[in-house]
Amino acid sequence: MSIPPPPDPHQPQGPYQPPPQYPQGPYGPPPYPQAQGPQNPYGPYQPWAQGYSPYNRPAPVNGLAIASLVFGVLCCLPGVGLVLGLVALRQIGRRGERGKGLAISGSVLSGLGLAVWVLMLATGGASDFWEGVKEGARDGASISLVKGECFDAPGGQLSGETYDVDKVPCSGEHDGEVFATFRLKDGSYPGDDKVGDTADERCYGLQDSYAMDGWAVPDDVDVYYLTPTEDSWSAGDREVTCVFGSVTEGGNLTGSLRNDETVLDADQVAYLKAAHVLNAALATAPDTEYVEDDLPGHKEWAGRVSAALAEQARMLRANGWSADAVGRISVLTSDLDKARVEWAKAAQAKGLDAFYQHYDTGLKLLDPKKAVPARKALGLETTPPPDGSGDGGDSGSGDSGGGSGGALAV
């Protein structure tokens, strides 16, 4: 006698019943059970319970965590990135979202960026950085040249408009040499004429600080300048560049024209500074063709020249000259004293004839040749300019307000 196995708990009590067979269709068994009669609640196909998905849907990534990482990498707003990272960590813990690693990375990078910004502010690095940014913007809007640099202009022309120049060594041939730069005031574009007039006046006034010995400047050299255009002005360009260049067509410069405190000795500088006092006074002559057109103006000018001669002689006597130069400087100052008397009398002249009498005498006492012995003792240039202009035995490098050889707009 055999004992059958116990029934399956999911099977009804009774003799074993094989599972029902389903008819085959032309394309195989049907895709779902087709039960005959009542449904078997424990059949081989169980419907999905409500609220359950057959696929595992991952939790969403926290958006603030992503934003924190972006700000941390860019370092543009490190404080914002740090705050977003901290908030993201709180939200991730509360909501069960993903992105904890992103939030931590963003917070760390933002914290480092914030520390760098604090350090830059404490040491002044932030202002240097901002100046660099502005300088970069200016460089993009204008030609960037500094005092003492030499360059070649497109086509060798220091006039018209250009957007670029080639920097070259001053020891060789070049079209221009920068002797000064200055910035125009901010505001709306003042116009081409105003910019040109300002550049002309300022550049001529600055040339003596770079080329102190006017006798050493070649005869064909004049002052040019690079100025902003209306377009470059809108991009932040305010810089005027003062340049020495040749007025000869196709001509160029060779070697540097710089002679200032960086290349001259103390006695040479003292002599040239005294001479420039008179240069400045002589350059203020009235802008009339004849003296009789403005006699009162010429008399005032003569008074300024007389005062400048007195100051020049005082400065020369105040310096402690070398043994080789002291005697020749003494002779020069004696001539300056005589010239001062004549110019003072011209300033007090009662009429045109009296003015001319003292003016001519005073001008002869300023003959440039009288300065040659003193210059030779000091090691300065000893060949007077061909125009014969004099300023107490010396000659300046040009007038202070005449037209320039040209202007190059950038």
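Readers should treat all values here as calculations from the given coordinates under stated rules, not as data from a laboratory. Everything numeric here is computed off the predicted structure, so don't read it as measured data. So basically every Cβ, Gly included, is an ideal-geometry build from the backbone, and we count neighbours across all protein chains shown.
Data table
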{"read-out": "Which of 359, 225 has the fewest Cβ neighbours within 10 Å, and the rest in rising order", "value": "359, 225"}
{"read-out": "Stretchable slack from residue 287 to residue 164, in nm (0.36 nm times residue separation minus alpha-carbon distance)", "value": "40.6 nm"}
{"read-out": "For residue 168, residues with placed amide H under 5 Å, excluding near neighbours", "value": "150, 151, 152"}
{"read-out": "Partner lysines for residue 167 [C-alpha distance under 23 Å; skip if fewer than 8 residues away on the same chain]", "value": "134, 147"}
{"read-out": "Stretchable slack from residue 383 to residue 262, in nm (0.36 nm times residue separation minus alpha-carbon distance)", "value": "41.3 nm"}
{"read-out": "Two-site FRET efficiency, residue 337 against residue 201, from Cβ-Cβ distance with R₀ of 35 Å, rounded to 0.05", "value": "0.60"}
{"read-out": "Rough spin-label spacing in nm, given labels placed 7 Å along Cα→Cβ, for residue 100 and residue 116", "value": "2.9"}
{"read-out": "Per-residue Cβ neighbour rank within 10 angstrom, fewest leading, 171, 159, 107", "value": "171, 159, 107"}
{"read-out": "Compactness of the range 204-312, expressed as Rg and Dmax over alpha-carbon positions, Å", "value": "18.0, 50"}
{"read-out": "Spatially near lysine pairs across the range 266-378, Cα under 15 Å, sequence gap of 8 or more or different chains", "value": "5"}
{"read-out": "Radius of gyration, Dmax [the range 266-378; alpha carbons; angstrom]", "value": "14.9, 48"}
{"read-out": "Built amide H within the under 5 Å cut-off of residue 181, gap 5+", "value": "242"}
{"read-out": "Burial ordering of 194, 350, fewest other beta-carbon atoms within 10 Å first", "value": "350, 194"}
{"read-out": "Using θ = phi - 60° and Karplus 6.51 cos²θ - 1.76 cosθ + 1.60, couplings along the range 248-255 (whole Hz; Gly, Pro as x)", "value": "6, 4, x, x, 8, 9, 9, x"}
{"read-out": "Directionally averaged shadow of the range 172-221, computed from the convex hull of its alpha-carbon atoms, nm²", "value": "4.8"}
